[in-house]
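Everything below concerns the one structure shown next.
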Amino acid sequence: MDPRASQRFRFVRHGFADGVAELVYAFDDGPELIERVTFPGAPTVPAEREAAFAAALRLLHLVAGVSYYKAGIPETIIVEGESLDEDSASMLDALYLHGLAEFAYRNRLDLRSRIAFPFESKAAARAPAIGLPRRSLLPIGGGKDSVVAVEAVKSIGADATATWVGNSPLIAECAARTGLSTLNISRELAPGLFELNRLGAWNGHIPVTAINSVILTVAAVLYGYDSVVFANERSASVATLEYEGQEVNHQWSKGFGFEKTLHDYIHTHVAADLDYCSLLRPWSELAVTSAFARLGGAYFDVFSSCNRNFRILGPKPADRWCGQCPKCHFVFLALAPFMAKPRLVSIFGRNLLDDDALAGAFDALLEYKDHKPFECVGEGAEARAALASLAERPEWREDALVSRFRREILPQLDREELALEPWLKPGASHLVPQRLLGALDALG
Ligand SMILES: CC(=O)N[C@H]1[C@@H](OP(=O)(O)OP(=O)(O)OC[C@H]2O[C@@H](n3ccc(=O)[nH]c3=O)[C@H](O)[C@@H]2O)O[C@H](CO)[C@@H](O)[C@@H]1O[C@H](C)C(=O)N[C@@H](C)C(=O)N[C@@H](CCC(=O)O)C(=O)O
Ligand SMILES: Nc1ncnc2c1ncn2[C@@H]1O[C@H](COP(=O)(O)OP(=O)(O)OP(=O)(O)O)[C@@H](O)[C@H]1O
């Protein structure tokens, strides 16, 4: 079937048995697309958590549907067997619209009039507190951000479990290195999606952090944790570009807007005592790389931020760092001001700032003659501050791209806007609960 020609996207049903969540979708009356998420050693849900678990599972069905909806983007969305309240529908409208903004921009589609989740009731009853134990799930993505958050939580001795979704051996190695208890949740996308892709379905970026966030929300209720503590930095809230009045942010579901929406939604619709937050929210990318250089020594040989490692189907890099993608370029640049040069070069296998062929790639990171890449990279202004600081250091200033920056780009910039120090100061906004505020202090 051709999902592009479909009229309806259907949330068919969801269920949970033997630790496996089954999430079922379909276009029109076409074949069912079934995603499975496996929670290892799942306990029986205690009676006082049953309603919260059902609400979290339903939320997962609705949020994970974005992977499938995007294949056809039909006119009508149908949620079978239940009715949504207005808050749920508007939360989902926002997630699908903003989370698919890059997908829409790159495919030249306008989703603004198309995404409308149906709703019936005005408001749902508020979820009660369910006595969740005081311990945290800490998601691990294999890169520097989660390492920094983990080390901060460890520094205050809080009870926490390193948790990851998917079967990446690289993430497993990082999680083991934390020394915390671990939880690995498996996620199997519906095989039919890959077949639809092969046949020419719409494809592109989806808000995967939202999906991981809700998988961990289900896990928190199931196993008994009172907080899901992500490691999304302040810089993630800044849009990649603006187009026809709409912000397009590759990292939308890592941004503060989504964090606040999901935090509030979980409190009102899942469990009043389950917190969702990001420990790194006050900090820029440069503050995080500076903290990683300080706290992350035990992970230097196992971490990687290169997203090409995390493909399900596509080829993975031979080494931890492909050296070709914007994420490798940005992380190299953002670590350089804070790490001894030989150490940094040995992590990446070569000096990326001494390669003329990467001039255009680094220009985009600086937002010089181009917009920021569609990747998880920091703000153009912080990339410029990092490069300006290297331009003053004898060990870096003669390297090809630093020297080119000094000659060609630096003279066009306002030097007052190139200081590194302001980027190392925290912003005010965060949703970190009282119990974990000490971990926030540990990063300062
Ligand atoms: C690893 C990666 O970057 N994948 C993106 C890539 O996918 P590709 O086709 O090269 O290979 P696979 O990852 O094997 O995926 C195969 C197809 O499966 C579909 N799919 C996959 C995962 C999923 O959760 N939902 C899906 O629908 C999709 O059709 C794939 O083609 O390109 C795709 C198209 O642009 C992207 O959708 C893949 O992105 C993954 C969902 C992914 O995990 N990406 C993260 C690395 C990522 O982008 N993280 C962001 C977080 C931003 C946010 O707001 O959440 C970041 O770090 O900035
Ligand atoms: N497979 C995953 N399972 C669970 N959480 C994940 C997974 N991948 C990423 N995350 C979480 O999503 C958030 C954003 O991911 P991101 O890739 O920015 O972080 P990271 O891998 O820790 O650091 P880096 O920016 O160096 O890649 C982090 O909190 C991270 O822990």
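The values are calculated or read from the model by the stated rules, or taken from the named source; none is laboratory data. The shown structure was predicted, so the numbers you read here are calculated from the model rather than taken from an experiment. When we count neighbours, we look across all protein chains shown, and the Cβ atoms used for this are built from the backbone with ideal geometry, even at glycine.
A few remarks follow.
- Flag for Cys306 being at pLDDT below 95 and either surrounded by fewer than 22 Cβ atoms within 10 Å (Cβ to Cβ) or away from ligand 2 (no atom under 15 Å from the Cβ) (or both): no
Table: residues versus (1) part of a loop (DSSP other than H, G, I, E, B); (2) over 22 Å from Glu421 (Cα atoms); (3) polar (S, T, N, Q).
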{"site": "Leu313", "(1), (2), (3)": "yes, yes, no"}
{"site": "Lys316", "(1), (2), (3)": "yes, yes, no"}
{"site": "Arg320", "(1), (2), (3)": "yes, yes, no"}
{"site": "Cys328", "(1), (2), (3)": "no, yes, no"}
{"site": "Val331", "(1), (2), (3)": "no, no, no"}
{"site": "Leu335", "(1), (2), (3)": "no, no, no"}
{"site": "Ala357", "(1), (2), (3)": "no, yes, no"}
{"site": "Ala361", "(1), (2), (3)": "no, yes, no"}
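- Pairing each residue of segment 230-258 that is in contact (Cβ under 8 Å) with a residue 12 or more places away in the chain and assigned to a helix (DSSP H, G or I) with any residue that is among the basic types (Lys, Arg) and crowded, with 20+ Cβ neighbours inside 10 Å, provided the two are 6+ apart or on different chains, yields C-beta distances under 7 Å for Arg234/Arg281; Ala236/Lys254; Phe256/Arg281.
- Residue in segment 160-168 that is away from ligand 1 (no atom under 11 Å from the Cβ) and either out of contact with any strand residue (DSSP E or B) (no Cβ under 9 Å at 6 or more places or on another chain) or without any contact (Cβ under 8 Å) to a residue 12 or more places away in the chain (or both) present: no
- Of all the listed residues (Ala56, Ala71, Ala52, Ala64), the sole one being modelled with pLDDT of 95 or more, more than 30 Å from Gly131 (Cα to Cα) and among the aliphatic types (A, V, I, L, M) is Ala71.
- Residues that are in contact with a Lys or Arg (Cβ under 9 Å, 6 or more places away or on another chain) and buried (at least 16 other Cβ atoms within 10 Å of the Cβ), drawn from segment 411-434: Leu413, Leu418, Pro426, His430, Leu431, Val432
- Count of segment 13-33 residues, restricted to those that are loosely packed, with under 15 Cβ neighbours inside 10 Å and either modelled with pLDDT under 95 or of a type in the set (Asp, Glu) (or both), is 3.
- Per this entry, Val345 is counted among residues that are among the β-branched types (Val, Ile, Thr) and either more than 27 Å from Val229 (Cα to Cα) or not assigned by TED's automatic domain parsing to the domain that holds Ala400 (or both).
- Gly131 being buried (at least 21 other Cβ atoms within 10 Å of the Cβ) and over 30 Å from Ala293 (Cβ atoms): no
- Qualifying residue in segment 378-398 (condition: modelled with pLDDT under 95, of a type in the set (A, V, I, L, M, F, W, C) and not in a helix (DSSP H, G or I)): no
- Residues in segment 363-373 that are part of a loop (DSSP other than H, G, I, E, B) and surrounded by fewer than 20 Cβ atoms within 10 Å (Cβ to Cβ): Glu367, Tyr368, Lys369, Asp370, His371, Pro373.
- Val24 touching a strand residue (DSSP E or B) at 6+ places or on another chain (Cβ under 7 Å) and within 16 Å of ligand 2 (Cβ to nearest atom): no
- Only listed residue being touching a helix residue (DSSP H, G or I) at 6+ places or on another chain (Cβ under 6 Å) and surrounded by fewer than 19 Cβ atoms within 10 Å (Cβ to Cβ), chosen from Tyr265, Tyr243, Tyr276: Tyr243
- Residue among Ala391, Ala357, Ala381 that alone is surrounded by fewer than 14 Cβ atoms within 10 Å (Cβ to Cβ) and of a type in the set (A, V, I, L, M): Ala357
- Cβ-Cβ under 6 Å pairs, at least 6 apart or on other chains, segment 385-406 side small (Gly, Ala, Ser), far side loosely packed, with under 15 Cβ neighbours inside 10 Å: Ala391/Arg397; Ala400/Asp356
- Among residues of segment 311-337 being among the aromatic types (Phe, Trp, Tyr) and under 18 Å from Trp396 (Cα atoms), the one that is nearest to ligand 2 (Cβ to nearest atom) is Phe330.
- Residue that is farthest from ligand 2 (Cβ to nearest atom) [pool: residues in segment 234-254 that are modelled with pLDDT under 95 and among the charged types (D, E, K, R)]: Glu244
- Hits in segment 13-33 - residues which are in contact (Cβ under 8 Å) with a residue 40 or more places away in the chain and part of a strand (DSSP E or B): Arg13, His14, Phe16, Ala21, Leu23, Tyr25, Phe27, Leu33
- Pairs, first of a type in the set (Val, Ile, Thr) in segment 409-428, second outside any helix (DSSP H, G or I), C-beta under 9 Å, six or more apart: Ile409/Leu366; Ile409/Tyr368
- Of everything listed in (1) touching a helix residue (DSSP H, G or I) at 6+ places or on another chain (Cβ under 8 Å); (2) farther than 21 Å from Thr209 by Cα, the single unmet condition for Thr44 is (1).
- Within segment 120-149, tally of residues that are within 15 Å of ligand 2 (Cβ to nearest atom) and in contact (Cβ under 8 Å) with a residue 40 or more places away in the chain: 13
- The residues on offer are Arg36, Arg10, and the sole one that is part of a strand (DSSP E or B), exposed (fewer than 15 other Cβ atoms within 10 Å of the Cβ), assigned by TED's automatic domain parsing to the domain that holds Ala201 and of a type in the set (Lys, Arg) is Arg36.
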